[in-house]
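Here the structure comes first, spelled out in structure tokens, and everything after it is commentary.
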Amino acid sequence: MLRTILGEPPRENSGVLADAVEQMALTVSMLRREMNADEDRDHEYRKLEIWIRGLISSLDELEQSLFAAAFFRKSVKAGYMDEMSVSEQGDYARYVYFYKNGFIRVFSLLDKLGTVLNTLYDLNTSRVKAHFSYFTVLRRFRSTKRHRELSGRLEEIKDSYRDPLQKLRSRRNAEIHYMNSEMQDDLWQRHQGLHDKIRLEDLDEHLEDLRQGLEMVCKTLVEVFRYSNEQPGRSLQNRPDMGSGAGFQQQ
């Protein structure tokens, strides 16, 4: 959608993004087959299908946010706020908008995935924390010692992206709980010298953090749904908590 608005050709999925979409689409197809065979009286298959389709949409929106932020960043040439033309100020504002939209979506998507994992594997994470995140679900995997192969892969991915995720999380927290993240940079500079010109944050570094955040999300989705799709008990029918509902057998 954003590419069309910006006069760019539509995206062609490739690499780990294409792998993530493919694995999620395969899970949706499996759920549709189960619904047709089982009639899904409790609507659990349908619920999971809707959630996973939502993940596919969220991934698309995250990638588009990164693309749009990078698109508008190209028009920002000045190194200081005071040196920007009116047109450049507008493009900088658009960059900030899509960049912020992107880093918020990284964690939003991961938390949605946590809800799916909690349901697929009957982790009962809400007993530990009522409003849980993806990272709470990872800790729940460790504490229950279930599906160690999957949880081990997910921990490795999380650890390999620890630095960019931490920077994105700090900016997300500032944006949501305290102040606009770009204003936090300005405030820090004002502390260094009250009358100094405000230098722009490192836009390329921030975009690289967001690109790595997208990459981490894609790799995580690939591992989750590839593992789920390859489970020997993938008939999704052996979950006592759901009756005839959805889920994967314990391993």
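The values are calculated or read from the model by the stated rules, or taken from the named source; none is laboratory data. Note that the structure is a prediction, hence the values are computed from the model and not measured. Cβ coordinates were reconstructed from backbone atoms using ideal geometry, including for glycine residues, and neighbour counts include every protein chain displayed.
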Unique residue being out of contact with any helix residue (DSSP H, G or I) (no Cβ under 9 Å at 6 or more places or on another chain), surrounded by fewer than 18 Cβ atoms within 10 Å (Cβ to Cβ) and among the polar types (S, T, N, Q) when the list is S75, S87, S160: S87
Looking only at the stretch 1-41, filter to residues that are more than 23 Å from the chain's Cα centre (by Cα) and of a type in the set (D, E); which one of those is surrounded by the fewest Cβ atoms within 10 Å (Cβ to Cβ)? E39
In the stretch 100-122, anything crowded, with 20+ Cβ neighbours inside 10 Å and either of a type in the set (G, A, S) or closer than 14 Å to L200 by Cα (or both) is listed as G102, G114
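Which residues, counting only those in the stretch 197-231, are among the charged types (D, E, K, R) and either at pLDDT below 95 or in contact with a strand residue (DSSP E or B) (Cβ under 6 Å, 6 or more places away or on another chain) (or both)? It would help to see each step written out before you state the result.
Step one: of the stretch 197-231, the residues among the charged types (D, E, K, R) are 197, 199, 201-202, 204-205, 208-209, 211, 215, 219, 223, 226, 230.
Across the stretch 197-231, the qualifying residues are K197, R199, E201, D202, E230.
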Regarding the stretch 121-139, can at least one residue be identified that is farther than 15 Å from L48 by Cα, part of a helix (DSSP H, G or I), within 15 Å of the chain's Cα centre (by Cα) and of a type in the set (G, A, S)? no
Return yes or no: is E61 over 30 Å from L203 (Cα atoms), free of Cβ contacts under 8 Å to residues at least 60 places away in the same chain and under 20 Å from the mean Cα position of the chain (by Cα)? no
Kindly indicate whether any position in the stretch 38-60 is assigned to a loop (DSSP other than H, G, I, E, B) and within 13 Å of C218 (Cα to Cα). no
